[in-house]
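Every read-out reported here was derived from the displayed coordinates using simple, explicitly stated rules and does not represent laboratory data. All values reported here derive from a predicted model rather than from experimental measurement. A quick note on method: Cβ atoms are made from the backbone with ideal geometry, for glycine too, and the neighbour counts reach across all protein chains shown.
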Amino acid sequence: MKQVLLTGGTGLIGTRLTQLLFERGYSVAYLTRGSKSEAKIDPKVRQYRWDVRKNMLDEQALLDSQYLIHLAGAGIAEGRWTEERKREIIDSRVQTMELITRKLKDSGHRFESFVSASGISYYGADTGAERISEQYTPGVDFLADVVIKWEAAADQIQALGIRTVKLRTGIVLDTKGGALKSFLIPVRLNIGSPLGSGEQFISWIHTDDLCRMYIEALENASWTGAYNAVAPNPVTNAELVKKTAAVLHKPYWAPNVPAWVLKALFGEMSIAVLGGNYILNQRIRLETDFQYEYPELEPALKAILT
């Protein structure tokens with residue numbers, strides 16, 4: 001039985017991905033710090049200790065594993081973007097990868113494949129209505145800088161001769177966390193309204209489709225490089241709120257939440273909801289045989305919310 005080693009395995013994506021990997025017959029292992037949040041890890045998951053600040057990683061975790069998935073990273077929308085918080089957002093993604101790279105060099109071990117989380121904000125937090133494929137140039141704002149450095153850290157593992165895939169992920173639809181959970185709060189309070197103009201595009205993906213994409217990227221030797229991990233049909237912010245309200249049988253309020261209110265509440269971080277991207281899944285569509293379970297928004301929302 002081959003083993004998949006996960007960083008960030010206790011998060012939203014990691015938890016569901018672990019279930020699907022077990023169903024596929026894999027053994028699953030986590031790199032953990034022994035924190036309280038990790039106390040509820042599935043007992044079938046093997047745990048190995050690491051501490052980035054102390055440059056410590058149990059090398060047996062690498063030697064026992066044939067695959068690596070990197071999901072670790074501080075939440076983008078969890079707290080205001082102070083300078084300290086910005087450093088944490090970047091370091092939690094980059095320094096973890098750099099530690100693994102150093103240990104791989106020391107051990108000489110080579111994974112069969114490596115898949116790293118990434119983000120569509122690689123292209124910038126707000127690219128308007130322009131259709132964006134993987135060939136588009138990177139952005140120049142803070143979120144783009146995060147992803148550029150994130151992917152550069154992943155490329156260090158690729159440089160060791162390990163097939164590497166980077167999944168530039170859009171808004172993940174799941175009620176247990178992520179952006180949809182934030183959208184649901186006002187909708188469930190009967191005050192669901194578009195944010196800002198409401199015209200900004202949201203490129204989304206259902207959690208299960210994303211997790212299946214990770215597994216396909218691990219297993220299929222033809223996958224390499226960066227892919228836009230989004231569903232085929234982006235929607236506007238207003239459409240997402242309206243369809244969410246409809247699925248929950250809640251009212252939809254036409255008056256938008258003004259941009260200045262969001263800026264006052266969240267500061268610079270407000271760009272994460274006021275900005276938008278129309279991302280094309282070009283490489284997934286043209287270069288792979290991947291089939292979405294949820295290519296359309298309404299069935300995806302019904303699967304999650306009902």
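Ranked by the mean number of other Cβ atoms within 10 Å of their residues, highest first, the peptides 214-221, 101-108 fall in the order 214-221, 101-108. Computed extension length for E296-K40: 88.8 nm, one decimal, from 0.36 nm per residue of separation with the Cα-Cα distance subtracted. Most tightly packed first, judged by the mean number of other beta-carbon atoms within 10 Å of their residues, the peptides 129-136, 199-206 read 199-206, 129-136.
Picking from V115, A154, T7, whose Cα lies most toward the positive end of the charge dipole for the chain (charges on Cβ: Lys, Arg +1; Asp, Glu -1)? It is T7. Plainly put, segment 190-243 has a radius of gyration that is 1.15 times its Kirkwood radius, both from alpha-carbon atoms, as the Rg/Rh ratio.
Here the spin labels are modelled as points 7 Å beyond Cα on the Cα-Cβ line, and at E23 and Q135 they lie 3.6 nm apart. Note on the chain: GNM, Cα springs under 10 Å; of K166, K54, K243, the largest mean-square fluctuation is that of K54.
Here segment 10-108 is described by how far its Cα atoms reach on the three principal axes: 43, 32, 21 Å, from widest to narrowest. When peptides 147-156, 114-123 are sorted by average Cβ neighbour count within 10 Å, with the highest value leading, the order is 114-123, 147-156. Within segment 132-165, list the residues whose amide N lies under 20 Å from a label point set 7 Å along Cα→Cβ of T82. Hits in segment 132-165 for T82 at 20 Å: 142-143. When shorter helices are ignored and each DSSP H run of at least 4 residues is given -39500 (n - 2.57), the per-residue value for the chain at 222 nm works out to -12000 deg cm²/dmol. With 0.36 nm allotted per residue and the present C-alpha distance subtracted, the T175-A303 stretch has 45.0 nm of extension available. Summarising the label geometry, the points placed 7 Å from Cα in the beta-carbon direction at D64 and L286 lie 4.3 nm from one another.
Note on the chain: with charges restricted to the Cβ of Lys and Arg (+1) and Asp and Glu (-1), its dipole about the Cα centre is near 700 debye.
Treating cross-link reach as a plain straight distance, find the lysines whose alpha-carbon is under 18 Å from the alpha-carbon of K181, omitting any fewer than eight places away in the same chain. Here the lysines satisfying the reach criterion relative to K181 are K242, K243, K250, K302.
Please work out, to two decimal places, the log10 of the ratio I(q)/I(0) at q = 0.13 Å⁻¹ from a Debye calculation in which every Cα of the chain carries one identical scatterer. Rounded to two decimals, the profile gives -0.94. Considering only alpha-carbon pairs that sit under 8 angstrom and 6 or more positions apart, the relative contact order computed for segment 85-151 is 37 percent.
Expressed as a whole number of Å, what is the distance separating the alpha-carbon centroids of segment 229-246 and segment 93-164? Spelled out, the Cα-based centre of one part sits 27 Å from the other. Axis of helix 237-247 versus longest Cα principal axis of the chain: the two differ by about 90°, to the nearest ten degrees.
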